[in-house]
Amino acid sequence: MTLPSQAALATEVAKRRTFAIISHPDAGKTTLTEKLLLCGGAIQMAGTVKARKALRHARSDWMKVEQERGISVTSSVMQFDFLGREVNLLDTPGHEDFSEDTYRTLTAVDSVLMVIDVAKGVEERTDKLMQVCRLRTTPVMTFINKLDREGLEPLDLLNEIEERLGIACAPMMWPIGMAQRFKGCYNLRTNTLHRFTLKDGKRVQEDMPMTGVADPRLDTLLGDDAARFREEVELVTGAAEPFDRDAYLAGRQTPVFFGSAIQNFGVKELLAAFVELAPPPQPRAALERVVDPAEEAFSGFVFKIQANMDKAHRDRIAFLRICSGRFERGMKLRHHRLGRDINVKAATTFMAQERKTVDEAFAGDIVGIHNHGTIKIGDTFTSREPLKFIGIPHFAPDLFRRMRLLNPMKAKALTKGLEQLAEEGAVQMFTPLVGGGYILGAVGALQFEVILARLHDEYGVEGQFEAVSYGTARWIGADDPKILDDFTRRNQGNLAHDGEGKLTYLADSVWSLKRVEEAWPKVRFNATQELA
Ligand code: G4P
């Protein structure tokens, strides 16, 4: 095995950009993903990603999900190069597939791209995903989409982002009109007019360098809209902060772009700015020390586990984010939780449409390794040094169901099945302190459907769910064991142990939780729980 020099390794790392797109359903994430892949040459034809989404929508039960697994595994990570950079785009399941996976994927990226629908502004799911980004101060770039349609005033939108998401906006582009009157965007960074014009009956983007917003050619090109455009730019440059890369990298400021994904307008500029400004793989904290991505020794952690097509073998793919060093096919990796070495004969890398065997990969890349049920989310692998990466948490679920077993002889199989599915991260499992049975928690409703189908298929268990009144959960801690005892005694009806035996408070609603938190100021109520 020939090791690359330190400098060669640092060059590989500096080239990587690993990110995810976050948005509320229907803001245009799929459309934008597709246009980014087209730009990067990863797909040749529009429609590829959309077709997959249509397929997902068409399914009505888990069996169909099962059939599509091959597809969703391949598309979980999309890799392409653009302007000399290696881009890794991690898919975050949306819509009804929304699950803890969506949240956890955000722990494996170095930055995110937030898509906002110009007509809808900040929506609920975006807000939730941003809260997760804030946990790791992930840098956020913003794309305001659907400018070809009527929407909110751009200035109002920026205000809304600042107020609701608590992040300062630095406009990199400024739109000229919208919907029928949409004439394009002015690139404030490069002083280019990206004109949206009609050519041979088709709307196309035309790029024209300018000397600045005062350039007299803008009057000819924009006509009556030129004056209003200049007024708005003056207003926005006076009111908004200028772009500051450090503030962006620290998660305090988001550079804002405008465009229309469906018209492929503004996408190339977004991607060019993204590969230039977004951070390369960052140092990552392990329990023992901080690991630098350009270190020679290999390290990585598992952020997602996906069941594979072959049910008979209970085969799963573990998605491993490389944090340092170089990965090479056939290399031996130490699985620290089990204290065992594994020989990675075949790891998979992911292209937009195909899975292929990986020969080498670097920090920032994601590799898929086969797993026969021994790998858990959060597990660390290294070439030698014992390390445990931190910051891959469980997120408090906000949907709950009580599990009812229909074939009581299968109680053992149910426990085993739930434990394994919980380890895989498919659902969270809680055992109430009083009363029997299990309460399951999820962040997306489809997770429950999947659990029932998989318990049936893989463990021969017939189950049913019953509604429970819980609306949120918090992991409990306190410095004083006496206070913890007292709290436990008085709140038994709302307490449970999670899959790892940790004490969890199940609250009816965030409001009732607030009251309990106020009543017990010395008790910690944690919304995330570090994986063991
Ligand atoms: P998502 O992944 O965030 O859920 O959104 P998706 O890309 O599927 O887009 C949601 C809808 O918005 C789609 O319409 C899509 O065509 C449309 N859309 C996306 N980008 C733009 C844009 O820049 N301008 C306009 N006007 N529409 C856009 P749909 O009717 O739900 O689906 P389809 O029939 O078009 O596929």
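Label-to-label distance, LEU338 versus ILE483, with points set 7 angstrom from Cα along the beta-carbon direction: 4.1 nm. Note on GLU160 and GLU530: the model spin-label points, each 7 Å out from Cα along the C-beta direction, lie 3.8 nm apart. Using only alpha carbons, segment 396-530 has a radius of gyration to Kirkwood radius ratio (Rg to Rh) of 0.99. The Rg/Rh ratio for the chain, using Cα coordinates for both the radius of gyration and the Kirkwood hydrodynamic radius, is 0.99. Shown here are the Rg and Dmax of the Cα trace of segment 136-210, at 14.2, 48 Å. Rolling a 1.4 angstrom probe over the chain with all protein chains present gives an accessible area of which 51% lies on carbon and sulfur atoms. Note on segment 457-532: Rg/Rh from Cα positions, Kirkwood definition for Rh, rounded to two decimals, is 1.05.
Summed over the residues of the chain and divided among them, the accessible surface reaches 42 Å² per residue at a probe radius of 1.4 Å. When you restrict to C-alpha pairs under 8 Å that are six or more residues apart and normalise by the size of the chain, the relative contact order lands at 14 percent. By the Kirkwood approach, averaging reciprocal distances over each pair of separate Cα atoms, segment 201-276 gets a hydrodynamic radius of 14.9 Å. For the peptides 228-237, 278-287, residues were scored by their other Cβ atoms within 10 Å and the scores averaged per peptide; the highest-first order is 278-287, 228-237.
For helix 510-519, report the angle its Cα long axis makes with the longest principal axis of the Cα atoms of the chain; keep it between 0 and 90° and round to the nearest 10°. Taking Cα atoms only, the helix is inclined about 60 degrees. On a 0 to 90 degree scale, rounded to 10, what angle separates helix 446-459 from the longest Cα axis of the chain? Roughly 40 degrees, rounded to the nearest 10.
Specify the angular offset, from 0 to 90 degrees and rounded to the nearest 10, of the alpha carbon long axis of helix 6-15 from the longest principal axis of the alpha carbons in the chain. Orientation of helix 6-15: about 70 degrees from the principal axis. Per-residue packing, averaged as other Cβ atoms within 10 Å, sorts the ranges 445-451, 109-115, 33-39 into the order 109-115, 33-39, 445-451, beginning with the highest.
The values are calculated or read from the model by the stated rules, or taken from the named source; none is laboratory data. Since this is a predicted model, take the numbers as computed values, not measurements. Cβ coordinates were reconstructed from backbone atoms using ideal geometry, including for glycine residues, and neighbour counts include every protein chain displayed. With ligands, DNA and RNA removed, areas are computed over all heavy atoms of the protein, side chains included. Shrake-Rupley method; radii C 1.70, N 1.55, O 1.52, S 1.80 Å.
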